[in-house]
1. Could you say which residue among SER21, SER36 is in a helix (DSSP H, G or I) and modelled with pLDDT under 95?
2. Please list, ordered by first then second residue, the pairs with beta carbon atoms under 7 Å, 6 or more apart or interchain, first in region 4-19 and touching a residue at least 40 places away in the same chain (Cβ under 8 Å), second part of a helix (DSSP H, G or I) and polar (S, T, N, Q).
3. Determine whether region 71-78 contains at least one residue that is modelled with pLDDT under 95, farther than 16 Å from GLY16 by Cα and part of a helix (DSSP H, G or I).
4. Quick check on this structure: which one of VAL90, VAL104, VAL54 is at pLDDT 95 or above and assigned to a helix (DSSP H, G or I)?
Amino acid sequence: MQPKIDEIEAQLEREGKLGQSKQFMQHGKWTVYAHSRNVAAMALRIAERLHVPVDREALIRGALLHDYFLYDWHQPDPKRRQHAFFHASVACENAGRDYALNAVEKDIIRRHMFPLVPIPPRTAEGWIVCLADKLCAAKETFRLRLRSE
């Protein structure tokens with residue numbers, strides 16, 4: 001049986017602080033939690049449509065945890081002015097503290113901001129989440145702008 005996003009999401013909420021990401025906004029009216037869920041769903045679609053063999057559970061877990069930085073990056077803070085460049089390492093550190101991560105999951109989380117993070121993903125799952133994150137961010141941001149115009 002293939003793992004589903006809902007099952008993995010529920011497990012991550014029970015075992016760690018994933019639910020806290022519901023408090024923080026990501027793009028417009030999208031929370032970090034909702035954005036991460038969108039990325040997981042998009043990543044699965046990309047892998048399936050391109051027929052890329054992936055570790056499905058690692059793909060979903062990495063996507064759900066890729067923005068596990070657990071702070072509001074919109075609030076002015078001198079330590080977070082470079083959020084786009086550093087949040088992936090913060091997310092990986094937080095996720096590693098709260099969950100047992102495998103190498104694929106770490107690759108997904110650490111490298112999802114390529115090319116802003118200069119080292120590219122090393123796994124197919126990492127590349128897929130990197131692409132899914134950018135597609136979802138553009139879609140979420142674009143929808144926001146359409147509503148406000």
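1. Numbers: SER36 fails: modelled with pLDDT under 95.
None of the others qualify; the one that does is SER21.
2. Final answer for the pair search is none.
3. At the first step, the residues of region 71-78 found to be modelled with pLDDT under 95 are 71-78.
From what's left, farther than 16 Å from GLY16 by Cα: 72-78.
Filter once more, keeping what is part of a helix (DSSP H, G or I): 78.
Checked against the condition, which is being modelled with pLDDT under 95, farther than 16 Å from GLY16 by Cα and part of a helix (DSSP H, G or I), region 71-78 yields at least one hit.
4. Working: VAL90 fails: at pLDDT 95 or above; VAL54 fails: assigned to a helix (DSSP H, G or I).
From the options VAL90, VAL104, VAL54, the qualifying one is VAL104.
The values are calculated or read from the model by the stated rules, or taken from the named source; none is laboratory data. Nothing here was measured: the structure is a model prediction, and the numbers come from that model. Cβ atoms come from the backbone with ideal geometry, glycine included; neighbour counts cover every protein chain shown.
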